[in-house]
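Notes follow the structure.
The values are calculated or read from the model by the stated rules, or taken from the named source; none is laboratory data. Keep in mind it's a predicted model, so treat the numbers as computed, not measured. Reconstructed Cβ throughout: ideal geometry from the backbone, glycine too, with neighbour counts over all protein chains shown. Protein only, heavy atoms only, side chains kept; ligands, DNA and RNA dropped before computing areas. Shrake-Rupley method; radii C 1.70, N 1.55, O 1.52, S 1.80 Å.
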Amino acid sequence: QQHKLPSAQLTILSICRFAEPVALTGVFPYLPEMIESFDVPKAKVAQWAGIASAIFSISQCITAIPWGRASDKYGRKPIIILAMTCAMVSSMLFGFSRSLTWAIIARAASGASNGNVGILRTTVAEMVPQRSLQPKAFATLPLVWQVGSIVGPILGGALADPAQKLPHIFGKSKFLKTFPYALPNLVSGVVFTIGLIIGILFLKESLETKKDRKDYGRMVGAWLTRPCTKGRKGLRPADDFESALPNSKHHHHHHAPPRYRDVFSRQANLNLLAYFFLGMHGVTYNQLLPVFLHLPTKRDDVELPFKFGGGFGLESGRIGLIFTLFGVFSMLCQFTLFPYVSQRFGVLNCYRACTFLFPITYFITPFTVLMPTPLTQQGAVLGVLLFKALADVFAFPCNTILLTNSANSVRILGTLNGVGTSLSAIGRAIGPYVVGRTFTWGVDIGYVVIAWWLLAGIAIIGHLVTWWLAEGEGFGVDDTV
C-alpha cells in the first residue's frame, strides 16, 4: 500500500496554527514604540523588550510539559482547542495594555497559553509516521508559521497606533486613542476565531486511545458539509489519515501516562539540547533586530572596525516591511527548497549545515549599520536577514523530525514535545534577557557589536551539538507496507 499525505487534516491543522504566529510576530514591529509609550527611556527599551520576551518564555516553559501530558491523557484535539482559546484571550489583553505592568502580565499569560507548539507537532507525527513523507509533513507547520510571519508584521506595522498614523480614517476614535495597540490584536482575534471554528468542526483526534470518542463538533461539521459531500466518496476531511497510522485498528488499550524515564533516551536528550540552543539564539535574533532597527542613529565616537554605536532609526512601518520580506522569502524557501533538499541530502546533514550559517549571520549583522546611506543600510541588513531565513527554514523542521524519530513509541510524543517546548522556552527566556541587557550595555559604551557576537558564540555551541546527533528509526513505518 502506497501511503499519501493526509492533506485535508494537515490543512485543518494549519488553519488552527495560523493565528498564533500572526499574533506573536505582529507584536515585533510596534513593541519598541509601545514600550516607549509607557514612559520608558529609549536607552532602556531593549532591556524591557528582552524582559517581556523572557517573561513570555518562562511562562511557556512552566506550562509546556503539563500541556503535553494533558494531550497524552485527554487527547490532542480538546487541548489544542483550549490552548487556542487561552492564546486568543491573552492576545487581546496585550492589545489593551496601558502600562508596562499590564503588558508584562499579558505577555506572561500569552506564554502560558502557548502550549500548542509541541501538541501540533505530535499530531503531525501521529498522522504521518512514514519517514519518507516526514519532510513534506513537518514542513507544513513551519510553512504556516512563515505565512503568519508575513501577515503578522503587516498587521502590526500598519494597524498599530492607527489614530496617529491614519488620522483621516481613525483620528476621531477615542477608543483607538485610548488603546493605540488594540486594533492589530483585535484582527488577530478574528483569525483565532476562524481557526477555532474550523478546528472544532473538522479536526480529527489523532491520539490512538481517544480516536473512538464521540466528537459532537465533527458531527455538526459533517451535517453542515453534507450537501457538499453527499455521494462524493473520499471528501470527508476528518477521515483521511486513518491508513497512515501503523497498526491503526482500534485497539482499546488504556495505558498509564508515560513515565519521564521512558522519554529521555540519549538521542532524545541530545536533540532536546540542540533545540534549547536553537530556541535561545534563533528567536533572540528576531526579537533583538527590531530594537536595533528602531534605535536612533549615532555617528559620533566611532573607531572602526569595532567601536560604533547607534542603530537605523526606523519606524514600525518600515520594520514591518523588512520582516514581511523576510517572511515571504522564508515561505518560498520552505515550500520549494526544504522538502527536496532534505530528502536529497538527509535531514541530519541539512541540520548541521544550517546551524553553521547562524553564527556567520550574527557576526555580520551589526556591521550593516556602517553602510553609507539609509537605503544601503536597509538593503544590507535585509540581505543578512535572508541568510538567517534560509537557516531557519531548515533548522526548525529538521530538529522536529530528528526529535520525533528519537522516540521509540508514539505514546511518549506529547510529553517529549512538551519537554522540547519547555527547554526551548528556557532558551528563549535566557537569550533575550541576557542579550538584551548586553545590547543595552554595548550601546552605552559604544560597542553595539558585543551583543551580536555573544549571540554568535551561543550559535556556535548549538552547531557543535549537532555532531553528536544521529537519525533514529522512529516509531512508524516506511513508505510502503
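For the chain, what % of the accessible area comes from carbon and sulfur atoms, probe 1.4 Å?
On the chain, the fraction of accessible area on carbon and sulfur atoms equals 67 percent.
About the Cα centre of the chain, how large is the charge dipole given +1 on each Lys and Arg Cβ and -1 on each Asp and Glu Cβ? Please answer in debye to the nearest 20.
Charge dipole of the chain: 1140 debye, to the nearest 20.
Checking a compactness column here: for segment 279-405, what do you get for Rg(Cα) / (2.2 N^0.38 Å), N being the number of residues?
The value comes to 1.17.
If you plug each phi of segment 35-44 into the Karplus form 6.51 cos²θ - 1.76 cosθ + 1.60 with θ = phi - 60°, what whole-Hz ³J(HN,Hα) values come out, in order, with x for Gly and Pro?
5, 4, 5, 8, 6, 8, x, 3, 5, 9
For the chain, what is the largest minus smallest coordinate of the Cα atoms on each principal axis, given in angstrom and ordered from greatest to least?
Principal-axis extents of the chain (Cα, largest first): 71, 55, 37 Å.
From the protein chains alone at 1.4 Å, what is the descending order of accessible area for Leu321, Leu31, largest first?
Heavy-atom accessible area, descending, gives Leu321, Leu31.
Could you bin all the Cα-Cα distances of segment 330-465 into 5 Å bins starting at 0 and give me the percent of pairs in each, rounded to whole numbers?
2, 9, 14, 18, 19, 16, 10, 6, 3, 1, 1, 0
For segment 294-367, what does the alpha-carbon gyration tensor say about shape, rounded, prolate or oblate, given a ≥ b ≥ c as the root eigenvalues, a/c under 1.5 as rounded, and a/b over b/c as prolate?
Because a/c hits 1.5 or more and a/b fails to exceed b/c, segment 294-367 counts as oblate.
I need two numbers for segment 102-163: Rg to one decimal and Dmax as a whole number, Cα atoms only, in Å.
Expressed in Å, the Cα Rg and Dmax of segment 102-163 come to 16.2, 52.
Please give the contour-minus-distance gain from Ile194 to Phe96: 0.36 nm per residue of separation, less the Cα-Cα distance, rounded to one decimal in nm.
33.1 nm
Using a simple spin-label model with points 7 Å from Cα along the Cα→Cβ vector, what separation in nm is obtained for Ser409 and Val89?
Inter-label distance under the simple model: 3.4 nm.
Run the simple label-point estimate for Leu325 and Cys228 please: 7 Å along Cα→C-beta, distance reported in nm.
Rounded to a tenth, the inter-label distance reads 3.8 nm.
Determine the order of Asp444, Asp212 by accessible area, beginning with the largest, at a probe radius of 1.4 Å.
Asp444, Asp212
Among the trypsin sites (Lys or Arg not before Pro) within segment 122-204, which fall in a DSSP loop and have no more than 10 other Cβ atoms within 10 Å of their own Cβ?
Lys172
Please calculate how many Å² of accessible area the chain carries per residue, with a 1.4 Å probe and no DNA, RNA or ligand atoms counted.
Solvent-accessible surface per residue comes out at 42 Å².
If you keep only loop residues by DSSP, which trypsin sites (Lys or Arg not before Pro) in segment 32-122 have at most 14 other Cβ atoms within 10 Å of their Cβ?
Arg98
For Leu295, what residues show an amide H to amide H distance below 5 Å, using hydrogens built from the backbone and excluding near sequence neighbours?
HN-HN under 5 Å from Leu295: Phe312, Gly313, Leu314.
Treating cross-link reach as a plain straight distance, find the lysines whose alpha-carbon is under 20 Å from the alpha-carbon of Lys44, omitting any fewer than eight places away in the same chain.
List returned: Lys298.
Hey, with R₀ at 35 Å, roughly what FRET efficiency would Arg213 and Gln343 work out to, going by the Cβ-Cβ distance, to 0.05?
That gives a FRET efficiency of 0.45.
Give me the one-decimal nm value for the distance between modelled label points at Lys174 and Tyr74, 7 Å along each residue's Cα-to-Cβ direction.
4.1
Taking H as built 1.01 Å from N, whose amide H comes closer than 5 Å to the amide H of Lys307, not counting residues under 5 places away?
none
Order the following by accessible area, largest value first: Ser97, Ser409. Probe radius 1.4 Å; ligands, DNA and RNA are ignored.
Heavy-atom accessible area, descending, gives Ser409, Ser97.
Per q in 0.21, 0.24, 0.25 Å⁻¹, report the Debye log10 I(q)/I(0) for segment 263-311, using one uniform scatterer on each alpha carbon and no solvent.
Per q value, in the given order, log10 I(q)/I(0) is -0.79, -0.88, -0.90.
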